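The values are calculated or read from the model by the stated rules, or taken from the named source; none is laboratory data. Computed from a predicted model, the values in this text were never measured in an experiment. Please note: Cβ atoms are built from the backbone with ideal geometry, for glycine as well, and neighbour counts cover all protein chains shown. For accessibility, only protein heavy atoms count, side chains too; no ligands or nucleic acids. Shrake-Rupley method; radii C 1.70, N 1.55, O 1.52, S 1.80 Å.
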Amino acid sequence: MARALAATEALDTPVAVVDEPIMERNLARMAALAAAAGLKLRPHAKTHKTAFVARRQLAHGAAGLTAATLTEAEVFAGAGVSDLLIAHPPAGAAKRRRLAALAERGIRLAVATDDAGLAEGLAAGVEVMWEVDTGLHRVGTPPGEPSARAAARLPEGRLRGFMTHAGQSYVVDRATAARDEWQGLAESADALRQVGGQVSELSVGSSPTAAWAAEAAAGGITEMRPGTYVFGDANQVGLGAQQLEDCALGVVATVVSVPERGRVVLDSGSKSISTDFHVQALPGFGIVLGNPDLVVARCNEEHAMLTGPADLRVGDRVVVIPSHACTTVNLHPELLFIGAGEPRWEPVAARGWRPVAT
């Protein structure tokens, strides 16, 4: 990301920049990890929300993509992605209408749910990935017999498989979260098969647990859905899941005030860098490149307050690796890609939420 400052010298700040060679290295590394484990790779595209990166993931061998919203799924389908999992329950008549319209495009389509009632009346061809709670305690039924019993109530031919997300890997031991993740799915699949049910996919998803892909595959897992790996972020660095040199996304910001020794104010507040949760090993909301002792301690809408020693003056520029790449990208209408020829802008076409179909 060091080249980001030179690439944005003539631009106003804050600006979100992607170092394309670093991104490509991340894509290749995860694709190789999945292939070595014998797992299908279905990246969660909510991290980047751009058609260009979606196509690059497919070019690196992804079997399909995961989307968080119908808006994302519609944008990616329009960009030529023909195999999509929407990892969010399609509750409400409006969502079901949009889902039906998406299914009419002839793509392979699945949705996540933990409620058999939501599967009733889904458009023909839309499959269900039943969500199992393996420790995040968000969406999902308990592993093993409870999930098997619940999934068995789905209409015949509707169930594709079981899925889970080890989001707790950001706050607990990653190896433990990874094993809870795949073992919970394996127990659920075994319980379903004992009563005559069938599942074709067992899907896990988390960048922090991706390192245990081979172990998961040996336990019967068929698919992995990491997302943040494409850009990396300060959370991943704090966890040890990625290194600082793996971070392809940075926000270039300008120093607007140095009101006292040990406090620096940037023009990149909560409207341009994520203030999403941060892991225990990360003291603030990002990492300031070249200034390891600075902490992004606080953000208002248009201001980021840095604390710690730094030789910075008003007008200086810095690159902030945000705490969370996914929510940072969602704040920007475009990303500036650098390092592969002339800098160019790519629209973040799938950002936000549209209440009507695109």
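What helices (runs of 4 or more DSSP H), lying completely within the stretch 41-141, carry at least 1 residues that are open to solvent by 30 Å² or more (accessible area, probe 1.4 Å) and either without any contact (Cβ under 8 Å) to a residue 60 or more places away in the chain or among the hydrophobic types (A, V, I, L, M, F, W, C) (or both)?
So the answer is 51-59, 93-103, 116-119.
Take Ala281 and decide whether it is modelled with pLDDT under 95, of a type in the set (A, V, I, L, M) and under 21 Å from the mean Cα position of the chain (by Cα).
For Ala281, the condition - modelled with pLDDT under 95, of a type in the set (A, V, I, L, M) and under 21 Å from the mean Cα position of the chain (by Cα) - is met.
Checking Ala119 against (1) in contact with a strand residue (DSSP E or B) (Cβ under 7 Å, 6 or more places away or on another chain); (2) modelled with pLDDT of 95 or more; (3) more than 30 Å from Val237 (Cα to Cα): exactly one of these is not met. Which one?
(2)
Among strands (runs of 3 or more DSSP E) lying entirely in the stretch 166-275, which contain 2 or more residues that are at pLDDT 95 or above and within 16 Å of Met30 (Cβ to Cβ)?
201-204
Rundown of residues vs (1) out of contact with any Leu (no Cβ under 7 Å at 6 or more places or on another chain); (2) farther than 25 Å from Ala10 by Cα; (3) outside any loop (DSSP other than H, G, I, E, B), yes/no style:
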site: Leu282; (1), (2), (3): yes, yes, no
site: Pro292; (1), (2), (3): yes, yes, no
site: Glu301; (1), (2), (3): yes, no, no
site: Val314; (1), (2), (3): yes, no, no
site: His332; (1), (2), (3): yes, no, no
site: Leu335; (1), (2), (3): yes, no, yes
site: Ala340; (1), (2), (3): yes, no, no
site: Ala349; (1), (2), (3): yes, no, no
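Assess whether Glu9 counts as being acidic (Asp, Glu) and under 30 Å from Gly121 (Cα atoms).
No; evaluated as a whole, the condition is false for this residue.
If you check Gly341, Gly315, which single one turns out to be modelled with pLDDT under 95 and either closer than 22 Å to Arg56 by Cα or open to solvent by 20 Å² or more (accessible area, probe 1.4 Å) (or both)?
Being modelled with pLDDT under 95 and either closer than 22 Å to Arg56 by Cα or open to solvent by 20 Å² or more (accessible area, probe 1.4 Å) (or both) holds for just one of Gly341, Gly315, which is Gly341.
So which residues in the stretch 258-279 are touching a helix residue (DSSP H, G or I) at 6+ places or on another chain (Cβ under 9 Å) and farther than 20 Å from Gly238 by Cβ, if there are any at all?
Ser272
Can you tell me which residue among Ala191, Ala186, Ala177, Ala210 is in contact (Cβ under 8 Å) with a residue 60 or more places away in the chain, open to solvent by less than 50 Å² (accessible area, probe 1.4 Å), more than 18 Å from Leu109 (Cα to Cα) and of a type in the set (Gly, Ala, Ser)?
Ala210
Could you please find all residues in the stretch 11-40 being part of a helix (DSSP H, G or I) and more than 18 Å from the chain's Cα centre (by Cα)?
Listed by number, the residues that qualify are Pro21, Ala32, Ala35, Ala36, Ala37.
Taking only the stretch 194-207 into account, find how many residues are surrounded by fewer than 18 Cβ atoms within 10 Å (Cβ to Cβ) and among the hydroxyl-bearing types (Ser, Thr, Tyr).
Counting residues in the stretch 194-207 that are surrounded by fewer than 18 Cβ atoms within 10 Å (Cβ to Cβ) and among the hydroxyl-bearing types (Ser, Thr, Tyr) gives 1.
Condition first: closer than 15 Å to Phe231 by Cβ and surrounded by fewer than 18 Cβ atoms within 10 Å (Cβ to Cβ). Now tell me which residues in the stretch 242-282 satisfy that.
Gln243, Leu244, Glu245, Asp276
Checking Ala148 against (1) without any contact (Cβ under 8 Å) to a residue 60 or more places away in the chain; (2) over 13 Å from Gly197 (Cα atoms); (3) among the aliphatic types (A, V, I, L, M), which test does it fail?
Ala148 satisfies every listed condition except (2).
Going by what's in this entry, would Ala2 be described as open to solvent by 30 Å² or more (accessible area, probe 1.4 Å), among the aliphatic types (A, V, I, L, M), outside any helix (DSSP H, G or I) and at pLDDT below 95?
yes
Would you mind stating whether Phe285 is in contact with a helix residue (DSSP H, G or I) (Cβ under 9 Å, 6 or more places away or on another chain), within 25 Å of Ser206 (Cα to Cα) and open to solvent by 50 Å² or more (accessible area, probe 1.4 Å)?
Judged against the criteria, Phe285 is not a match.
Taking the conditions exactly as written (open to solvent by less than 20 Å² (accessible area, probe 1.4 Å) and either in a helix (DSSP H, G or I) or small (Gly, Ala, Ser) (or both)), does Phe162 satisfy them or not?
no
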